[in-house]
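Asker: Take a look at the following structure, please.
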Amino acid sequence: MPSIIDSLTSLVNSIIGAIISFFTSIFALFEGVISGILNLFSGAINAVGTTISGLAKTFGGLVNFVLSNIVIIGLAAAGFYLYQNYQAKNRGATTGKKIN
């Protein structure tokens with residue numbers, strides 16, 4: 001008789017274990033899906049933050065370059081302006097040329 005009771009106890013324990021394993025698996029599935037979605041959004045936010053940080057560093061480097069070379073850039077701009085004025089004056093002198 002004890003072997004029948006032991007067998008039934010083992011059967012009930014096995015059924016309960018299978019049910020618990022089923023619900024544990026379902027919970028793990030939902031947890032994995034939710035974790036994946038949250039990681040996706042977190043990664044997107046991190047990517048945007050990294051992009052903005054990179055743009056800020058690039059802009060900062062550009063400003064640093066311009067401020068470091070302001071004299072050279074000013075001389076180049078002044079030279080370009082003077083060259084344009086020189087070219088405009090020379091073009092004006094040739095407009096009175098006689099055409100046959």
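Asker: Which of the following residues is over 37 Å from the mean Cα position of the chain (by Cα) and either surrounded by 10 or more Cβ atoms within 10 Å (Cβ to Cβ) or outside any helix (DSSP H, G or I) (or both): SER21, SER53?
Answerer: Residue meeting the stated conditions: SER21.
Asker: Next up: Looking only at the stretch 10-39, count every residue that is at pLDDT below 95 and of a type in the set (Phe, Trp, Tyr) and tell me the total.
Answerer: 0
The values are calculated or read from the model by the stated rules, or taken from the named source; none is laboratory data. Fair warning: this is a prediction, and the values are worked out from it, not measured in the lab. Counting neighbours? That spans all protein chains shown, and the Cβs are built from the backbone with ideal geometry, glycine included.
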